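For reference, the structure is listed below as structure tokens.
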Amino acid sequence: MSSVPVVVGADAGGTTTTVAVMGADATVLAVTTGPGANPRSSADPAGALATTVGAALTAARRRLDAAATLDVVALTAGIAGSGAAGRTRALEALTEATARCSIPDGRASLVTDLVVAYAAAAPTPDGALLLAGTGAVAARLRGFEVVARCDGLGWLLGDIGSGVWLGLAGLRAAATALDGRGPATALTDAALAWARDQAGTVAHGAAGADPQELVRLVDGLPPAGLGGFARAVAAAAEQGDAIATGIVDDAASGLVTTLGTVSPASSGDVVVLAGSVLTRPGPVRASVVARLEAQGRRLRDAGTPVAGAVRLAAERAGWAVDLEVLRTSVTPV
């Protein structure tokens, strides 16, 4: 029975875990997805990680030879929630998961999701990351390690410019308009329609709507769910609504300030943009990109973060990797 050396990369988020297996010839043998393995939000992070890693290894064996034995030379897992506050739990989950998959001790390494997102696009180990998705954070990295970070404080204390921040700002603007304290905005009708949709109720138009209706509809939503209204804010801004445009401007300004706190424009750092708010077309991305380019920044869009995890695992194994080829080879199936 043949033994085939492979490396494994894992990107474990709150809702989804993606795992890729690569051979020594840089061929990506398998990419699988499974449930989230963030130790702060997953009921069984070790189980979720083990399930997805196991499925990826099985798929890789089938592609090679069902009878082949895979020798996992290195595994790198980027786990959301594995910063200083959650590192112990994340490490415990990773250790348990690799044991379940019969991966020898000492071959797995843990990094944060920020590191794999950066490594998925950065040409060098030193640079900066600006991420805006559900949350928002900036980090400066040296040798693929975070040496400084700003924001990432959660929706109550920060995450300025994130999807949740945008959604909440839009809903607040709609509420103040309904209450008579703020100017009229297209966000009012949009907020009522969106909130009714979230609540599963039928919209009957916004005329004469009571602000308490918006309170009732939004009150039961989880914080992360508020990010769903960010798209309506972006759409209203693109259509010229002054209030939505102001929210977008504040988001872009906040994100640029967050980045500048850890990586001044004079640093010369390559900046990787990550997260749906900054990687999908929209007014926030457009404004942030324009502001950073005006500073002379060199920008890169993050690809699939699991590519960064595979890259780091390959480097630990001493294998050469063409990043651009790898980025196009790890699309989840």
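Points to keep in mind about this one:
- Couplings 3J(HN,Hα) for the range 53-61, derived from phi with the Karplus relation 6.51 cos²θ - 1.76 cosθ + 1.60 (θ = phi - 60°), are 4, x, 5, 5, 5, 5, 5, 5, 4 Hz, where x marks Gly and Pro.
- Rounded to the nearest 10 degrees, the angle from helix 163-179 to the longest Cα principal axis of the chain is 10 degrees.
- For Ser109, nonlocal amide neighbours, meaning residues 5 or more places apart or on other chains whose placed amide H falls under 5 Å from its own, are Leu75, Thr76, Ala77.
- GNM flexibility winner over the chain from Pro35, Pro305, Pro222 (Cα, springs under 10 Å): Pro222
- Whole-Å semi-axes of the range 244-302's equivalent ellipsoid (Cα gyration tensor): 18, 13, 9
- Taken over the chain, the percentage of Cα pairs per 20 Å bin, counting from 0 up to the bin with the maximum distance, is 31, 50, 18, 1.
- Short to long, the 5 Å bins of the Cα pair-distance histogram for the range 222-333 hold 2, 10, 16, 17, 16, 16, 12, 6, 3, 1, 0 percent of all pairs.
- Computed E for Ser3/Arg216 - FRET, C-beta separation, R0 56 angstrom, nearest 0.05: 0.35
- Exposure rank, largest accessible area first [Leu156, Leu29, Leu130; 1.4 Å]: Leu156, Leu29, Leu130
- Gain on full extension, evaluated as 0.36 nm per residue between Thr33 and Asp105 minus their Cα-Cα distance, stands at 23.5 nm.
- Shape metrics for the range 87-221, restricted to C-alpha atoms - Rg then Dmax, Å: 21.6, 66
- Helix 242-262 and the longest principal axis of the C-alpha atoms of the chain enclose an angle of approximately 40°.
- Ligands, DNA and RNA left out, the 1.4 Å accessible surface of the range 1-154 is 51% carbon and sulfur atoms.
- Where the chain is the region considered: accessible area per residue in Å², 1.4 Å probe: 44 Å²
- Cβ-placed point charges (K, R +1; D, E -1), dipole of the chain about Cα centre in debye, nearest 20: 400 debye
- Measuring only protein heavy atoms, the 1.4 Å probe finds Val262 accessible over about 10 Å².
- Taking the chain and dividing mean pair separation by its residue count, relative contact order in percent (alpha carbons under 8 Å, at least six apart): 21 percent
- Amide H contacts under 5 Å for Ala30, placed H, 5+ residues apart: Val21
- Efficiency of FRET from Cβ geometry, Ala24 and Arg172, R₀ 45 Å, rounded to 0.05: 0.25
- Here's the picture: charge each Lys and Arg Cβ at +1 and each Asp and Glu Cβ at -1 in the chain, and of Val73, Gly282, Leu110 the one pushed furthest to the positive end of that dipole is Val73.
- The equivalent ellipsoid that matches the C-alpha gyration tensor of the range 35-136 spans semi-axes of 25, 18, 13 angstrom, in descending order.
- Label separation (Val289 vs Arg87): 3.6 nm, computed from points 7 Å beyond Cα along the C-beta direction.
- Averaging Cα coordinates gives a centre for the range 302-317 and one for the range 227-271; these two points are 28 Å apart.
- Spin-label model, Leu299 to Val147: label points 7 Å out along the Cα-to-beta-carbon direction sit 2.5 nm apart.
The values are calculated or read from the model by the stated rules, or taken from the named source; none is laboratory data. Worth saying up front: this structure is predicted, and the values here are computed from it rather than measured. Counting neighbours? That spans all protein chains shown, and the Cβs are built from the backbone with ideal geometry, glycine included. The accessibility values were calculated without ligands, DNA or RNA, using every heavy atom of the protein model including side chains. Shrake-Rupley method; radii C 1.70, N 1.55, O 1.52, S 1.80 Å.
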